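The next block holds one structure in the form of structure tokens; read it before the comments.
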Amino acid sequence: MELAWYALLGLFFATYLVLGGYDYGVGLLLARRATPATRRAALNAVGPFFLGNEVWLVAAVGILFGAFPTLEGELLSGLYPAVVGALAGVILVTAGVQLRSRPAGERARAGWDRVVVAGSALAALGWGALLAGLLQGVSLGADGHVAGVTHVFTPFAAAAALAMLALVAVQGATFLTLRLPATEVAPVARLARRLIPVTLAAVGAATVLGLLSDRVRAAVAQPAAAVLLPVVLVAALLAARTALRWRRPGLAFAATSAALALPVVLVGAALWPWALVSTVEPGAGLTVADAAASGPTLRLLGWLALPLLPALLGFQAMCWWVFRGRTDGRAPVYW
């Protein structure tokens, strides 16, 4: 049962990264030199999905609190800078998007656009650093609790955070190729194609630093997964670039979505059966079974959460169906 809940936690968080990723990616792209009308068009493209996408984060946090209370406590204390940075970014993006639409001058809107850009960057960097912190292990004290936060500030964590930032930017650009009016797609598609080599370089740098890091090598319990999944991620990015060249934005978006979900799969698969690995004592840490709540609690939560996943999937499908197509009312070429 612990495995099922752990997989469900990973599914919800990976889905949040995919869906919230294009929110933050569009937010990052507001930093481009563009006219107010272009920025407004980009935000209009993501607007119908924005708040619904964040529900997946709320659901993932609910699963973490209810099904893995021990892991939740250690994450909030041991990876505090990454968690706070990511949540601060989420709040800034939400506030910026909501407040820029109020009646105001172009200067005020430009200021809120900068808030959205900063929040998007913080969210992407924070989630990337969080996943890197899990993958490289934490400093567990003799009492079994995480000691300090210096393990977040490592070259590998920094490289992984930048790789997540690049992945989010590509996701946002690819999403806009699906949603913007056909006359405005070409510049965004070119930008997405140019961003993919940058993202490949960032992912490659993070992978190399991980392979060279003694902490990462000691923490990884499943080396095959740690090697195979980055290769799959690179293949997904290359597939996205090919799809963009063929003018198939639907395929490109599916590929970048897979690339954005793979870091979560990588962390869960590479560490299994550990949830947290100690860098102080080899072979020690917090297993998924030890981090989980008791069996009766998990069964009770199962009955409460049973309708949650189909409800969220149904809501997401409804949003995509109602707001399908481009913002000018034309249908995109998906495949």
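The values are calculated or read from the model by the stated rules, or taken from the named source; none is laboratory data. It should be emphasised that the depicted structure is a prediction, and the values quoted were computed from it without experimental measurement. Every residue, glycine as well, gets a Cβ built from its backbone with ideal geometry; the counts of neighbours run over all protein chains shown. Accessible surface areas use protein heavy atoms only, side chains included; no ligands, DNA or RNA. Shrake-Rupley method; radii C 1.70, N 1.55, O 1.52, S 1.80 Å.
Model label sites at Glu281 and Ala218, defined 7 Å from Cα along the beta-carbon direction, differ in position by 1.4 nm.
Each residue of the stretch 290-298 is assigned a 3J(HN,Hα), and the resulting list reads 6, 6, 7, 6, 5, x, x, 5, 5 Hz, derived from the Karplus form 6.51 cos²θ - 1.76 cosθ + 1.60 (θ = phi - 60°), x at Gly and Pro.
Taking label positions 7 Å along the Cα-Cβ direction at both Val61 and Gln98, the computed distance is 1.3 nm, reported to one decimal.
Each of Val288, Leu237, Ala59 was placed along the dipole of the chain (beta-carbon charges, centred on the mean Cα), and the one lying farthest toward the positive end is Leu237. Assuming R0 = 56 Å, can you tell me the calculated FRET efficiency for the pair Arg245 and His145, based on Cβ-Cβ distance, to the nearest 0.05? Given R0 = 56 Å and the Cβ-Cβ separation, E is 0.65. In the context of the full set of protein chains, residues of the stretch 42-195 present 38 Å² of accessible surface per residue (probe radius 1.4 Å, heavy atoms only).
Residue ranking by accessible heavy-atom surface, 1.4 Å probe, largest first, among Glu2, Glu106 comes out as Glu106, Glu2. Only protein atoms count toward the accessible area here, which uses a 1.4 Å probe; on the chain, the carbon and sulfur part of that area reaches 71 percent. Using every pair of distinct Cα positions in the stretch 179-335, the Kirkwood expression returns a hydrodynamic radius of 18.9 angstrom. Look at (i) 33.8, 121; (ii) 19.9, 62; (iii) 22.7, 71: the one that is Rg and Dmax of the Cα atoms in Å derived from this structure is (ii).
What would the Debye formula give as log10 I(q)/I(0) at q = 0.17 Å⁻¹ for the alpha-carbon point model of the stretch 116-189, no solvent? The Cα Debye sum returns log10 ratios of -0.71. In whole angstrom, the stretch 1-134 maps to an equivalent ellipsoid with semi-axes of 31, 15, 12, each derived as √(5λ) from the alpha carbon gyration tensor and ordered largest first. Sorted largest first by accessible area at a 1.4 angstrom probe radius, with every protein chain in place, the residues Arg215, Arg247, Arg39 fall in the order Arg247, Arg215, Arg39.
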